[in-house]
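Just so you know, all these numbers are worked out from the coordinates, no wet-lab data involved. Predicted model, so just to flag it, every value in this text is computed and none were measured. Positions of Cβ are backbone-derived with ideal geometry, glycine not excepted, and every protein chain shown enters the neighbour counts.
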Amino acid sequence: MPIEILMPALSPTMEEGNLSKWLKKEGDKIVAADVIAEIETDKATMEVEAVDEGTLAKIVVP
């Protein structure tokens, strides 16, 4: 069953950020704690970790 991955707030003060890079590609198997993307804010670049396992079916926003 597909689920959407939304950009998380990576700090209590984060109001916006940009997805700077996907570290996985469509079709990749993912397990919990895999780093799947990098988010860039005005203060830092942070990694986004998967919270569950599955397959990355489609990247909607490059």
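Counting 0.36 nm for each residue step from S11 to D52 and taking away their Cα separation leaves a gain of 12.7 nm. Spacing of the modelled spin labels on L23 and I36, each 7 Å from Cα toward Cβ, amounts to 1.3 nm.
Expressed in Å, the radius of gyration and Dmax of the Cα atoms of the chain are 11.8, 35.
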